[in-house]
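Novice: Below you'll find the structure I mean.
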Amino acid sequence: MPMVSHVGYGAPLDHRQIWDRFRCTLLPQGLHHDRHPADLDMHLTGTGITRRAGRLGQMPLRATAVRNGRRIAIAETRFTNQAPPVYRRLRGPRHDATHAMATATPPPAPITPHHTGHTDPHNIVLSPGPTPHHWQLRIDTTHPVLFDHPVDHVPGMLLLEAARQAAHTTHHPHPSVITSIDAKFTRFVELDTPCWIEAQPTPTTTPSHKTVHTTTHQNNTTPFTATITSLLLPH
């Protein structure tokens with residue numbers, strides 16, 4: 001998303017992108033492979049673009065993944081693009097990324113990796129909570145992917161990964177493949193305050209699929225929610 005806004009739509013490199021919504025749908029058959037090389041293409045479309053003073057202000061972005069000519073996934077997001085002075089006003093004293101990273105809450109012990117579909121504990125972003133389906137968010141600022149550069153708040157992709165792991169853990173011991181995510185970002189999640197993830201299974205009309213609604217809690221607010229639908233696989 002940042003690369004597209006900078007390269008494709010002229011957003012200055014010091015401008016910041018803030019997520020509003022994120023949705024994606026994955027066709028499970030798209031994960032099947034025959035162990036041969038495949039051509040993977042990504043088609044990006046920006047519509048409904050808003051500009052301020054001639055610069056990118058807001059844009060919905062649609063991405064379609066195609067493998068060997070066959071569509072396998074679609075993702076849609078909407079974000080705003082903020083100039084440095086505006087971003088500093090939005091964040092106030094918390095806009096300093098170096099200070100935020102240095103004062104981040106140390107990550108507690110992770111939950112069992114295979115409950116989440118992972119094998120490496122370093123990739124686990126959930127820690128056991130006080131009740132079932134309730135976890136503390138692990139903010140590991142040393143992670144090379146989730147924190148590939150200094151930030152002043154919890155990255156959106158960390159919250160999406162927390163929702164994904166919460167869904168897998170809720171379905172455990174049934175293996176599952178996520179087929180859709182519908183997420184909404186309403187506030188920044190801070191690095192220096194404990195953040196909690198709660199999962200609530202919800203009814204579905206398809207027996208082979210299960211849906212989990214995840215809610216994030218921090219400082220008496222709900223900054224992030226996501227509804228995740230998964231295809232349950234045979235044991």
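Novice: I'm checking my understanding of the structure. Among residues of the range 202-216 that are open to solvent by 60 Å² or more (accessible area, probe 1.4 Å) and assigned to a strand (DSSP E or B), which one is modelled with the highest pLDDT?
Specialist: The qualifying residue modelled with the highest pLDDT is 213.
Novice: What do you reckon, is residue 89 touching a residue at least 24 places away in the same chain (Cβ under 8 Å) and either open to solvent by 30 Å² or more (accessible area, probe 1.4 Å) or assigned to a loop (DSSP other than H, G, I, E, B) (or both)? Please lay out each step first, then the result.
Specialist: Details: touching a residue at least 24 places away in the same chain (Cβ under 8 Å): no; either open to solvent by 30 Å² or more (accessible area, probe 1.4 Å) or assigned to a loop (DSSP other than H, G, I, E, B) (or both): yes.
Against the criterion (touching a residue at least 24 places away in the same chain (Cβ under 8 Å) and either open to solvent by 30 Å² or more (accessible area, probe 1.4 Å) or assigned to a loop (DSSP other than H, G, I, E, B) (or both)), residue 89 does not qualify.
Novice: Is there a residue in the range 171-188 that is assigned to a loop (DSSP other than H, G, I, E, B), under 19 Å from the mean Cα position of the chain (by Cα) and in contact (Cβ under 8 Å) with a residue 60 or more places away in the chain?
Specialist: Yes.
Novice: Here's something else I'd like to know. Return yes or no: is residue 136 open to solvent by 20 Å² or more (accessible area, probe 1.4 Å) and at pLDDT below 95?
Specialist: no
Novice: Could I ask something else about it? Is there any pair linking a residue in the range 127-144 that is acidic (Asp, Glu) to one that is open to solvent by 30 Å² or more (accessible area, probe 1.4 Å), with Cβ under 6 Å and at least six apart or on different chains, and which?
Specialist: These pairs meet every condition: 140/107.
Condition check ((1) over 20 Å from the mean Cα position of the chain (by Cα); (2) closer than 30 Å to residue 16 by Cα) across all residues:
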| position | (1), (2) |
| --- | --- |
| 75 | no, yes |
| 81 | no, yes |
| 93 | yes, yes |
| 97 | no, yes |
| 120 | no, no |
| 127 | no, yes |
| 131 | yes, no |
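Novice: Residue under question is residue 143, and the condition is that it be in contact with a Gly (Cβ under 7 Å, 6 or more places away or on another chain), of a type outside the set (A, V, I, L, M) and outside any strand (DSSP E or B); does it hold?
Specialist: no
Novice: Name the residue, out of 104, 63, that is in a strand (DSSP E or B), of a type in the set (A, V, I, L, M) and either open to solvent by less than 60 Å² (accessible area, probe 1.4 Å) or within 24 Å of residue 155 (Cβ to Cβ) (or both).
Specialist: The match here is 63.
Novice: Which residues, counting only those in the range 117-133, are part of a loop (DSSP other than H, G, I, E, B) and either exposed (fewer than 14 other Cβ atoms within 10 Å of the Cβ) or in contact with a strand residue (DSSP E or B) (Cβ under 7 Å, 6 or more places away or on another chain) (or both)?
Specialist: Hits for the range 117-133 are 119, 120, 125, 129, 130, 131, 132, 133.
Novice: Of these, 11, 75, 53, 63, which one is at pLDDT below 85, in contact with a Ser or Thr (Cβ under 9 Å, 6 or more places away or on another chain) and hydrophobic (A, V, I, L, M, F, W, C)?
Specialist: 11
The values are calculated or read from the model by the stated rules, or taken from the named source; none is laboratory data. No experiment lies behind these values; they were computed from the predicted model shown. Ideal geometry is used to build each Cβ from the backbone, glycine not excepted, and the neighbour counts take in all protein chains shown. In case anyone asks, the SASA skips ligands and DNA or RNA and just uses the protein heavy atoms, side chains included. Shrake-Rupley method; radii C 1.70, N 1.55, O 1.52, S 1.80 Å.
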